[in-house]
Amino acid sequence: MYQEILKISKRRGLMYPSFEIYGGLSGFYDYGPVGSRIKQNIENLIREYYVLDEEFMEVECPILSPQDVWVASGHLDNFTDKLTECVKCGEPYRADHLVEDKLGVGCDHMSVTQLNDNIIKYKISCPKCGGRLDKVYDYNLMFKTYVGPGKYKVCSYLRPETAQSTYLSFKRYWEVGRKKLPFGVLQIGRSFRNEISPRKGMVRLREFNQAEIQVFVDPEAKNAPRFDELSSMEVDVLDGEDKEHQTTLSGAMDGGLIDNQLIAYFLGKSVKLFKEMGINPDALRLRQHKDDERAFYSSDTWDIEYLSPSLGRIELVGVSDRTDYDLTQHSKLSGANMQVSLDGRKFTPHVIEIAYGIDRPFYCVIESAFHQDDKRTYFSFPPKTAPYTAAVYPLVRKDNIPEKAREVYDNLREKGVMALYDRTGSIGKRYARADEIGVPYCITVDYDSLKDDTVTIRFRDSMQQERVKIKEIPSKF
Ligand code: GAP
């Protein structure tokens, strides 16, 4: 299935490895002309859920930040993987993965010393050539660069998450938002991690897209006023002690599984969002971070994972209570005051973070929508994520049919409907092409259209056809 999806994605311009003509570079993917549209639709749906529905703000900050930002956030010291390299062939490995493969238990909590000891104890060697593995060391995942020339150059890093750049201007949002809590700030943009072994296509990239929301809250008010809207949602849960639960969001709250209502609310909102994007909801589960996995400052952290038939479990979003850690850290290092005065109290707000990747949900939308049988291959994207809403076809390329079809097409575009015009090949071939990029409606203009202003609409999923008046087309979408 994965290979088939990749093949179609390349052929139809959804996504493909970058720099292909130069042999490629692991961890980088292009969005093609069709994929870019789906990606934008995913991003716009996130905006709809947070900027429109929650009235959160949206900001855009630079991708590069000076070193101080990463000292304060802790990334310079702690954003590391434990790396070892083969002395013989030079192949790099995540040491915890090698030890994990040997012991059959998760090892990402192990220290450099523990990993070194285990490699020696269990005689773990290079899986590729059998060579000896070198000493394990902390490898920082951030890309380092310099801004400016010569002695004026400033050591900087490509951001590994959008969150930190959002925190820096907290006081500006506080002013713009008229000094009230809670409020949320969304940032959509690129992040970079120099991953040791990027793999599984878009699942582990070195340059990727995030949509991260920071909700600034009063630490004494972590209740969600709209929790009732989602409280009865049924969810599959894996708690921090590896116990599975089938429950509702309110059940998870009442049972003490989730630390606070805001986390539960945003987990529910994310499930709803993924479903509306077109991700199979039956493949989703909420997974709580274990004690040794969670950042020391976080009071509770959850991921939503999707079970891919071809790639296994994929983490799509992290929802975390980051307490006042980030604002306090930036305040300490920069000297900026990050406290607020509210209701006679002075305090540093806490942050609930909802950290979406875009590339992973993009892949999961594609995979969830993929259908293949003896007759055809198609993507059943919901209208909100489909790259185009409609395709318009002239039946033949003569007798004023193309002019009439062009009129229908222009009319749709004028109404803001994202349509495409395709006049090449048989109608059957054109349907097949539209199916392979998941266009929900195909409109054919024929000789009768010239007489009675009607067209044939063909519905992608059912393949049913219906004759409708041209002016009624938008009502069919
Ligand atoms: N600010 C918190 C943060 O960055 P994260 O869990 O490391 O948290 C959030 O990342 C989301 O970003 C993930 O759930 C995932 O969807 C996406 N993501 C993280 N690393 C990625 C990578 N190397 N390639 C593609 N997506 C990635």
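Computed per residue of the chain from DSSP H runs no shorter than four, each worth -39500 (n - 2.57), the mean residue ellipticity at 222 nm is -8500 deg cm²/dmol. Our note on the geometry: Cα centres of the range 328-377 and the range 20-63, 13 Å apart. With a Förster radius of 45 Å applied to the C-beta separation of GLN372 and ASN223, the computed FRET efficiency comes to 0.45. Distance from the alpha carbon centroid of the range 173-211 to that of the range 427-477 works out to 39 angstrom.
Could you pull out which residues in the range 1-45 have an amide N less than 20 Å from a spot 7 Å beyond the Cα of THR145, following the Cα-Cβ vector? It comes to 18-20, 24-31, nothing else. The alpha carbon centroids of the range 234-313 and the range 88-143 are separated by 30 Å.
The mean of 1/r over all distinct Cα pairs in the range 364-431, once inverted, gives the Kirkwood hydrodynamic radius of 13.6 Å. If you wrap the Cα atoms of the range 1-62 in a convex hull and average its projected area over all directions, you get 6.3 nm². Remark on GLU91: its backbone amide H falls under 5 Å from those of CYS86, a criterion applied only to residues 5 or more positions apart or on other chains, H modelled at 1.01 Å from N.
Computed from the C-beta positions of LYS476 and SER197 and an R0 of 51 Å, the FRET efficiency is 0.60 to the nearest 0.05. Each of VAL51, VAL237 has some number of other Cβ atoms within 10 Å of its Cβ, and from fewest to most they run VAL51, VAL237. In whole percents, the pair-distance distribution calculated for the chain from its alpha-carbon pairs, binned every 20 Å from zero, is 20, 49, 26, 5, 0. Helix 325-334 and the longest principal axis of the C-alpha atoms of the chain enclose an angle of approximately 70°. Here the spin labels are modelled as points 7 Å beyond Cα on the Cα-Cβ line, and at ARG190 and GLU234 they lie 4.3 nm apart.
Extension gain for VAL87-TYR152 works out to 19.6 nm (0.36 nm per residue, less the C-alpha to C-alpha distance).
Neighbour counts of other Cβ atoms within 10 Å put VAL154, VAL340 in the fewest-to-most order VAL154, VAL340.
For the pair LYS179 and LYS128 in one chain, pulling the backbone fully straight at 0.36 nm per residue adds 12.6 nm over the alpha carbon distance. Ordered by the number of other Cβ atoms lying within 10 Å of each residue's own Cβ, fewest first, PHE379, PHE183, PHE274 fall into the sequence PHE183, PHE274, PHE379. Derived scalar couplings between HN and Hα for the range 366-373 equal 4, 5, 5, 8, 6, 9, 9, 9 Hz in order, rounded to whole Hz, by the Karplus curve 6.51 cos²θ - 1.76 cosθ + 1.60 (θ = phi - 60°), x for Gly and Pro. Backbone geometry of the range 273-278 corresponds, through the Karplus equation with coefficients 6.51, -1.76 and 1.60 at θ = phi - 60°, to 3J(HN,Hα) couplings of 5, 4, 5, 5, 5, x Hz, x marking Gly and Pro. Angle of helix 33-47 to the longest C-alpha principal axis of the chain, folded into 0 to 90 degrees and rounded to 10: 60°.
Multiplying each eigenvalue of the alpha-carbon gyration tensor of the range 203-301 by 5 and taking the square root yields semi-axes of 20, 18, 17 Å, largest first, rounded to whole angstroms. When DSSP beta bridges are restricted to pairs lying wholly in the chain, around 85% turn out antiparallel. In order along the range 179-191, the phi-based Karplus estimate (6.51 cos²θ - 1.76 cosθ + 1.60, θ = phi - 60°) of 3J(HN,Hα) comes to 6, 10, 10, x, 8, x, 9, 9, 9, 10, x, 7, 10 Hz; Gly and Pro are listed as x.
How high is the relative contact order of the chain, given as a whole-number percent (alpha carbon pairs under 8 Å, six or more residues apart)? Averaging sequence separation for qualifying contacts and normalising by length gives 13 percent for the chain. Ignoring lysines fewer than eight residues from LYS451 along the same chain, the ones with Cα atoms less than 16 angstrom from its Cα are LYS398, LYS404, LYS469, LYS471.
FYI, it's all coordinate maths here, none of it is from the lab. Nothing here was measured: the structure is a model prediction, and the numbers come from that model. Note that each Cβ is placed from the backbone with ideal geometry, even for glycine, and that neighbours are counted across all protein chains shown.
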